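Right, one structure below, let's go through it.
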Amino acid sequence: MKWPLDRTVNKVHSMLELNGASAIVTGGASGLGEATVRRLAAEGMKVVVLDLDRQQEKGDALAKEVGGIFCAADVTDTDQVIAAVEAAKELGPLRAAVNSAGIGWATRTIGRDGQYSSAHDLELYRKVIDINLVGTFNVTRLAATAMSNNEPDADGAKGAIVNTASVAGVEGQIGQIAYASSKAGVIGMTIVLARDLAAAGIRVNTIIPGFFDTPIYGPMQEMKDNLAKTTLFPKRLGDPAEYASLATELLRNSYINGECVRIDTGTRMQPK
């Protein structure tokens, strides 16, 4: 029996065109952000390296190397983020944003002495939430607003956004309550953002990284070696270039939307 030829099988759908467009990468002067800046520039994008003013020297050097620009900005500051978005639009249509800026903090919810004063500092909790969660949303809402004015491609796509969570947002360890809360929030808003922005032709996905070899660990080689022992396979920390590769695919692949993708060797976090 011969099956009827389905001519739709051979139809080629477009990927989101990155070449010639602009991108914003938050936390772009180092670590996962820096690797993403380099990868997107290699794809032909003009990249705005967005980071704090204390990263000016590194950010300027990186931007010069890849043919982009550095914008000093706090992700929670609306005016500063709008300025970065406008700078990106000057380089080309803003089609991509990758949020990798964030901070960590480790302390237990209560102290050992049973005193109210030794409970988790509430202002520090708010600070982590403000930067990691509110900051991510702030950049997302403003970048998406600019993307909504782009000309759509054949799929109706105008842009894509990749946010960064953490395995701590799924199975946080003892002492990670602030960080885990913020990253769980990023995971939780992914599908809602994708649904909100679908009508505007903008996709949103989230990466959930495990242990990556970034400057956050500094020269603490013993700590990095111990973390590597907890990975499943391969038995090592992640290379930021591996994160950047996934971020680029999530930006480009038009059929991935509203997803939270782990990149952690299959590791599952233990309580401590």
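Overview of results
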read-out	value
Tally of residues being in a strand (DSSP E or B) and among the aromatic types (F, W, Y) across segment 209-218	1
From the options G188, G169, G114, residue that is closer than 28 Å to P271 by Cβ, in contact with a Lys or Arg (Cβ under 9 Å, 6 or more places away or on another chain) and without any contact (Cβ under 8 Å) to a residue 40 or more places away in the chain	G169
Qualifying residue in segment 161-180 (condition: among the charged types (D, E, K, R), under 30 Å from L18 (Cα atoms) and in a helix (DSSP H, G or I))	no
Verdict on T140 being within 24 Å of S245 (Cβ to Cβ) and buried (at least 16 other Cβ atoms within 10 Å of the Cβ)	yes
Residue check for A184: among the small types (G, A, S), at pLDDT 95 or above, at negative phi and not in a helix (DSSP H, G or I)	no
Selected residue (criterion: nearest to S182 (Cα to Cα)) from residues of segment 105-125 that are touching a helix residue (DSSP H, G or I) at 6+ places or on another chain (Cβ under 9 Å) and among the aromatic types (F, W, Y)	Y125
Total residues in segment 200-219, condition in contact with a helix residue (DSSP H, G or I) (Cβ under 8 Å, 6 or more places away or on another chain) and without any contact (Cβ under 8 Å) to a residue 24 or more places away in the chain	1
Extreme residue, surrounded by the fewest Cβ atoms within 10 Å (Cβ to Cβ), among residues of segment 219-249 that are in contact with a Lys or Arg (Cβ under 8 Å, 6 or more places away or on another chain) and in a helix (DSSP H, G or I)	K229
Matching residues, segment 112-126, being part of a loop (DSSP other than H, G, I, E, B) and farther than 17 Å from K272 by Cβ	D113, G114, Q115, A119, D121
Test for A178: is it under 17 Å from I129 (Cα atoms) and either in contact (Cβ under 8 Å) with a residue 12 or more places away in the chain or in contact with a helix residue (DSSP H, G or I) (Cβ under 7 Å, 6 or more places away or on another chain) (or both)	yes
Single match in L122, L142 (criterion: of a type in the set (A, V, I, L, M, F, W, C), farther than 22 Å from G266 by Cα and within 18 Å of the chain's Cα centre (by Cα))	L142
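Results for (1) farther than 30 Å from K229 by Cα; (2) among the hydrophobic types (A, V, I, L, M, F, W, C), shown as yes or no for each residue.
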{"residue": "V128", "(1), (2)": "no, yes"}
{"residue": "L133", "(1), (2)": "no, yes"}
{"residue": "T136", "(1), (2)": "yes, no"}
{"residue": "A157", "(1), (2)": "yes, yes"}
{"residue": "T164", "(1), (2)": "no, no"}
{"residue": "A194", "(1), (2)": "yes, yes"}
{"residue": "A200", "(1), (2)": "yes, yes"}
{"residue": "I208", "(1), (2)": "no, yes"}
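Yes/no matrix, rows are residues, columns are (1) at positive phi; (2) in contact with a Ser or Thr (Cβ under 8 Å, 6 or more places away or on another chain); (3) outside any strand (DSSP E or B):
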position	(1), (2), (3)
V128	no, yes, yes
I131	no, yes, yes
N138	no, yes, yes
A143	no, no, yes
A154	no, yes, yes
V204	no, yes, no
I207	no, yes, no
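The values are calculated or read from the model by the stated rules, or taken from the named source; none is laboratory data. What you see is a predicted model, and the numbers here were worked out from it, not measured in a lab. All Cβ positions, glycine included, derive from the backbone under ideal geometry; neighbour counts span all protein chains shown.
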